Structure formats: C-alpha cells, structure tokens
1. Restricting to segment 345-390, what's the tally of residues that are of a type in the set (Lys, Arg) and farther than 23 Å from Ile16 by Cβ?
2. Of all residues in segment 336-367, how many are under 25 Å from Arg295 (Cβ atoms), in contact with a Leu (Cβ under 7 Å, 6 or more places away or on another chain) and open to solvent by 10 Å² or more (accessible area, probe 1.4 Å)?
3. Answer yes or no as to whether Gln132 is in contact with a strand residue (DSSP E or B) (Cβ under 7 Å, 6 or more places away or on another chain), open to solvent by 30 Å² or more (accessible area, probe 1.4 Å) and either over 24 Å from Thr359 (Cβ atoms) or of a type in the set (Phe, Trp, Tyr) (or both).
4. Take the conditions out of contact with any Ser or Thr (no Cβ under 6 Å at 6 or more places or on another chain), crowded, with 19+ Cβ neighbours inside 10 Å and not in a loop (DSSP other than H, G, I, E, B) and apply them to Ala69. Does it pass?
5. When the residues of segment 77-129 are narrowed to those that are of a type in the set (Lys, Arg) and over 28 Å from Gln289 (Cα atoms), which ends up least open to solvent (accessible area, probe 1.4 Å)?
6. Which numbered condition in (1) open to solvent by less than 20 Å² (accessible area, probe 1.4 Å); (2) assigned to a strand (DSSP E or B) is the only one that Tyr51 fails?
7. I'd like to verify a number: residues in segment 355-381 that are in contact with a helix residue (DSSP H, G or I) (Cβ under 8 Å, 6 or more places away or on another chain) and either among the aliphatic types (A, V, I, L, M) or assigned to a helix (DSSP H, G or I) (or both), how many?
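The values are calculated or read from the model by the stated rules, or taken from the named source; none is laboratory data. What you are looking at is a predicted structure, and each value in this text was computed from that prediction instead of being measured. Don't worry about glycine lacking a Cβ; one is built from the backbone with ideal geometry, like all the others, and counts go over all protein chains shown. Remember, those area values only see protein heavy atoms, side chains included, never the ligands or the DNA or RNA. Shrake-Rupley method; radii C 1.70, N 1.55, O 1.52, S 1.80 Å.
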Amino acid sequence: MPTDPYAWLEHSLATIHRADWYRSVQTIHGRPGATVVLAGQEVINFASNDYLGLTGDKRLIAAATAAIAEFGTGSTGSRLLSGHRELHRDLEEAIAFTKQTEDALIFSSGYLANLGTITALVGKRDLILSDQYNHSSLKNGAILSGAAVVEYPHCDLAVLKIQLMQRQNYRRCLILTDTVFSMDGDLCPLPALLDLADEFSCMLLVDEAHATGVLGKTGAGCVEHFGCTGKQLIQVGTLSKALGSLGGYVAGSSALIDFLQNRAPTWIYTTGLSPADTAAALAAIKIVQQEPQRRAQLWQNVHYLKKLLQQLPNLKLLPSESPILCFQLPSATDALKTGKQLRDAGIFAPAIRPPTVPTSRIRISLMATHEAAHIDKLVAVLKDISSLVRF
C-alpha cells in the first residue's frame, strides 16, 4: 500500500509545538499606530517597525490614492516588459539622492532585493562571508547564489580577517551584514568592515532595512551615521519600515544598478512595485527630509525608555544603539509567558524564539508617535511581572 507523502507535515508541526516554536498570525484591526486594536483589545504597540509613525500618515495615504487614480492598482508586468512607470524612476532618484549614490533600483520587497542582488553578484567560484546574526534574506540569498558560504561570529572582525585570508582561493568575495541587527538592536562595525573589504579586495553589501529613516543626520541610515557616505559599497534596504510603505531597494554605483537590471532575477522576472506603494514611499522620503523632528522624537523616546529600564536591573538587556530594545529570557516557554503577561496588561511586545534567534527574548521597538505615558506604562508593567518571571 502506498504511504501518504504528506504525513510528515503533522509530525513536524507536533515537534514545533513541543519546542514552543509554533507561530500564528494575530489580527490587527484598523490603522497601525502607537496603539492598535488586537483581537478586540486595545494595546500599546511595541511590536511595529513603523519607527517614524508614517504608515497611517494622511500624506502617504493621499499620495497612494492619487497614484491609483492615475496609474491603476498594479504595474501589470515586470518593468522590462510593461510595468515601468514614471513614479518608479522618481523614487529611485530620491533614494539615490538620500543615499548619495550614483543610482538606485527598487524591488517588490526588501527580501527580493537581497535575494536578487546576492545571486547576481556571486556564484559557484566565489566566497561569501556572512555575519552569524544576519537576516534570513541575506542568509538565503547566500545559499541560493551557489557560492561557498562561511559565517563569522557576530561582529567578530578578528575571525573575519582570518577567513578573509582564504579569499585568494576564490574569484570574488562578498561580505554580507545587516547594519542594524533587527532582533538585537546593535550596529555592525561598518568603518572597520570597509577597511577589511578594501584590504582584501572584497565587495561589501550592507542591509539598511532598520536604519533607513532612523539613523544618520538626515535619516539616510547607518552609512551616514558612521560617516561612510561615498565609500564603495552596496546598500540594500526596505521601504516597509520607517518609510511606511512596501518594497525594497539597492543603492550604489551606476554600473552596479545597470548590471542588476540585466542579471537580478527577482527584479527582471517580478511585476514592478505597485503605483500606490511607490508613491507612498516617495512621499515618506520627502517627509523624512523635511521633518527631522520626527527622528528627533523617536530618539528622545529611545533615551527615555533606556533611562527608565535602568531602574529594572533584573532585565537582561542586550546592547542596543537603535530603537530596538530586547531583553533575554531563559527559554521559549518563559518568553511566551512574559509576552502573554504583557498582552494581558495592554502591552503588545512579541516573544521572539528560536530558530529566529539563538536565545529567547522579548523585543521592544519604539516609534516617534509613542507618548511618554505609553513608555511609562510599559516600564510599570515590566516592573510588576519581573518578580514573577525568571529573567
């Protein structure tokens, strides 16, 4: 008798449940913001990557609505075939101006930007050196490229340099790193990475997903924050976090962008970004440039929360230089329990568990639209439950 080829799925799900790794979606009602309605309960939202609070901004909504009225709801095809619109080029020029690069290229998501760029740049005769804590899109792009992939311990430049000494055995070498590590909140040592890339004649690709709009004097990201604007590197990012829209981008030299338009499969064979998303992102970039007070308010909130958390010495806070603050817990069970206690008290701050991260934690992300009262309540709830959970 033939066996059921899908029977393994139920066994695998059972294993996921036993390990407390099971995940399911949670429905948010209405517009996103500092407070949201989650499954009928109003909660303070510390789970969003909408760092500047632009997702519900009336100007982005108006820009998206106007773009739909003029261009329709979709791009109808890949940009090389039939999907290119004036808006796409306007957005790419705005990103290149923000990043101070020669050109830029937008993708339908940040994940696709990483997959397409990495697989276009390197192949079977090449080497990729990747930070251990990199985002899934960087890791999977590396695997799909067919290159030899070696991870280095998180931000460990001494080990990375040893690995680079083997670089001569390969045709090309590409170093991959997030600039802001999304599940920890710390930053990569970008100036030193650039020095190593130069010393060993390597390409360097940085993912600015959680830095764009947040870090740097003008909100251009970690590259600007570290004073590395104009250096030779590849910048990838997303339009879906601080910029409040959807999509991804690559910014760099004009030769790089021209090459990707001819070799990046996730750009060539994907329908162009929708007019609404494109227009919303373009409006967001203008707001980031014209309203630095939003970014200033975000950082004021970050410093205020950090100051209050110092009063809770039991919390094992991870080092952070971003609006992402995480505290570790001994197990996935403890993380789920703490997340539920926070939720019951009106705080939405998710439990992050393996395999996403090596150790379980609660992840708190701040927004410019959080009020002091929101932060005060978070700290008060954490103080109440700290006596009930092993931190």
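1. Of the residues in segment 345-390, the ones of a type in the set (Lys, Arg) are 353, 361, 363, 377, 383, 390.
Of the ones still in play, those that are also farther than 23 Å from Ile16 by Cβ are 377, 383, 390.
Counting residues in segment 345-390 that are of a type in the set (Lys, Arg) and farther than 23 Å from Ile16 by Cβ gives 3.
2. Residues meeting the conditions: 1.
3. The answer is no for Gln132.
4. Details: out of contact with any Ser or Thr (no Cβ under 6 Å at 6 or more places or on another chain): yes; crowded, with 19+ Cβ neighbours inside 10 Å: no; not in a loop (DSSP other than H, G, I, E, B): yes.
No: the conditions fail for Ala69.
5. Arg125
6. (2)
7. Qualifying residue count for the region: 11.
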